[in-house]
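Please read the structure below before turning to the comments.
The values are calculated or read from the model by the stated rules, or taken from the named source; none is laboratory data. Given the structure is predicted, the values throughout are model-derived calculations rather than measurements. Don't worry about glycine lacking a Cβ; one is built from the backbone with ideal geometry, like all the others, and counts go over all protein chains shown. For the accessible areas, the whole protein counts, side chains as well, though only heavy atoms, and no ligand, DNA or RNA atoms are used. Shrake-Rupley method; radii C 1.70, N 1.55, O 1.52, S 1.80 Å.
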Amino acid sequence: MRSLYLRFRAEVESGAVIEYYELNELLDIYDYAQDEGDVMVQMFVFLTASRLYPRNHDFDERMGFFLSYISQPAAEDMLMRTGREDSALWDVLRMGLKCYPEGDPEPYLKEILEKYDSLDCETVLKIVDLLRDMNRPELLTKYYGRLTYLAEEPNGLAFEIADILKDQEEMKEDARRIAEDLTKLEPFNIEAWLLLARIEFSLEHPEEALAAVDYAVAIDPEHKNARLTRAVIMVVLPAKRQEAIGLLKQAVEEDPSNMIAAEGLAEAYTRDGNKEAACGIYKDIYGTGIYTSDPLLAIMELEPDNLEEYLDFCLRQRECDEKEWQQKAYNLIDKGKLQLAVRILDYYYRKFGFRERQNFFLYCLYDAGRFERFIEVFIELSTAPDGPCRRPGFFTPTDYLLLAAAYLRIGHFDEAIQLCRAICARKEQPRDIEETLRWRGITLTAKLIESLASVKPDADGKVPDYTAFDPLTSSVFA
């Protein structure tokens, strides 16, 4: 099918007049082009079929679905066209037009399942795709028995449904059951065993996953995907990890662009406690430029001693703008790694500075307890001759309140007092009740910080330790 599709595409690209294709060949070319997302070839198949087979209706439903992706009214017009032949595929198109994206497809699905004695492969796949796109996988399990009874290729349907359900946390057991039944129906189907292995692995059943993939390897010992899947599964099994490392290293050497093997090898090194080797693999992955997940974030999470060397390397490979770099910090914060987020933000600030969202960097410094650095950066931003922070009103009273709290927490009491007095001396004119209450909270907190900073040393000359003070949680009425 692929060679047929490529030949047709080459003819289209050359501008040649397409003289002859059998109808079934055009159907295969269209379906393959649809899977590839090749809209141009899909359109030229329609043109060729209408020229070579003007009285044929096999492409009518496909044309309706094609139009539905472009314009719903156009697809509705196609559905209402006089002379079309009734079919289950038209009914599936109607279900999509009536229900997608947020309607209820169940009544239409029940009608289709009761109306027809059998469903061809294209109809079944369209039903499955529509329910997946509408995020209604529970209907696939609810009507699984009836769908498989009507499907011309029930085993293919079972594979598609299990593959969809495996990504739904609450339906993984259903996916496992269907995949298990499929391996019993087709015991020599390698893809069925690999699907079962992936499902078992996602359920955190590595031993069962390994047993399933071993069947696939037994069927074809040279099957690359089976061998790779087996190696990745063994990564999580301590007794098998060294074997996994050897297999994955070989796979990466044979094909450096194999990201599954490379990421699996990095994970194996990480689990084995070899942090530097794992970072080296992620560095190599970053160098390929073909990764799907950010290997730089993976390096950061490993926190190698020479982190800045990796950061330098990654910046040399591909320049990141400050928004992209700040997004990396957001991702680290979401994973509970605030200190690491501050570390990489400070790295970027020292190299390039920030033109936007400077407050985000400052708040991260403060939240991480880096008070001296917070003060240092605050002053640098405030005094930079060409920076946006020089504009009046760039820093809010809340920002200055945090600055006062930072001074208090490192024992610079005079600076904290002066700043709090300056905050309270501001002549604010709140526009509404919310602003009035907000400003009152700011001034009361400023007075609290001033009173704490004004405490005199005791007889031994000691001053209070305010390192644990937090203006966000301390009572302003203390």
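What number of residues within region 235-258 are part of a helix (DSSP H, G or I), under 25 Å from the mean Cα position of the chain (by Cα) and closer than 19 Å to residue 202 by Cα?
Qualifying residue count for the region: 0.
On the basis of being in contact with a His (Cβ under 7 Å, 6 or more places away or on another chain) and at pLDDT 95 or above, does residue 216 make the cut?
Considered against the rule, which asks whether it is in contact with a His (Cβ under 7 Å, 6 or more places away or on another chain) and at pLDDT 95 or above, residue 216 comes out as yes.
Kindly provide the set of residues from region 313-326 that are surrounded by 13 or more Cβ atoms within 10 Å (Cβ to Cβ) and in a helix (DSSP H, G or I), ordered by number.
Once the filter is applied, which keeps residues that are surrounded by 13 or more Cβ atoms within 10 Å (Cβ to Cβ) and in a helix (DSSP H, G or I), region 313-326 yields 313, 314, 315, 317, 322, 325, 326.
Condition check ((1) touching a Lys or Arg at 6+ places or on another chain (Cβ under 6 Å); (2) at pLDDT below 80) across all residues:
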{"site": "433", "(1), (2)": "no, no"}
{"site": "458", "(1), (2)": "no, yes"}
{"site": "466", "(1), (2)": "yes, yes"}
{"site": "478", "(1), (2)": "no, yes"}
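From the list 299, 290, 281, which one is hydrophobic (A, V, I, L, M, F, W, C) and open to solvent by 50 Å² or more (accessible area, probe 1.4 Å)?
Testing whether each residue is hydrophobic (A, V, I, L, M, F, W, C) and open to solvent by 50 Å² or more (accessible area, probe 1.4 Å) leaves just 290.
Starting from region 382-408, keep only residues that are closer than 23 Å to residue 429 by Cα and in contact (Cβ under 8 Å) with a residue 60 or more places away in the chain, then list their pairs with residues that are in a helix (DSSP H, G or I) and of a type in the set (Phe, Trp, Tyr) whose Cβ atoms are within a distance under 7 Å, requiring at least 6 positions of separation or different chains.
Correct list of pairs: 402/366.
Tell me the residue from 175, 162 that is buried (at least 17 other Cβ atoms within 10 Å of the Cβ), in contact (Cβ under 8 Å) with a residue 24 or more places away in the chain and in contact with a Lys or Arg (Cβ under 6 Å, 6 or more places away or on another chain), please.
Of the residues listed, the single one that is buried (at least 17 other Cβ atoms within 10 Å of the Cβ), in contact (Cβ under 8 Å) with a residue 24 or more places away in the chain and in contact with a Lys or Arg (Cβ under 6 Å, 6 or more places away or on another chain) is 175.
Between a residue in region 302-331 that is farther than 12 Å from residue 348 by Cβ and any residue that is open to solvent by less than 30 Å² (accessible area, probe 1.4 Å) and assigned to a loop (DSSP other than H, G, I, E, B), which pairs come within a Cβ distance under 9 Å, given they are 6 or more apart or on different chains?
Here the result reads 310/304, each pair linking region 302-331 to a residue that is open to solvent by less than 30 Å² (accessible area, probe 1.4 Å) and assigned to a loop (DSSP other than H, G, I, E, B).
Would you confirm, using the coordinates I've provided, whether residue 308 is farther than 17 Å from residue 265 by Cα, open to solvent by 60 Å² or more (accessible area, probe 1.4 Å) and touching a Leu at 6+ places or on another chain (Cβ under 9 Å)?
no
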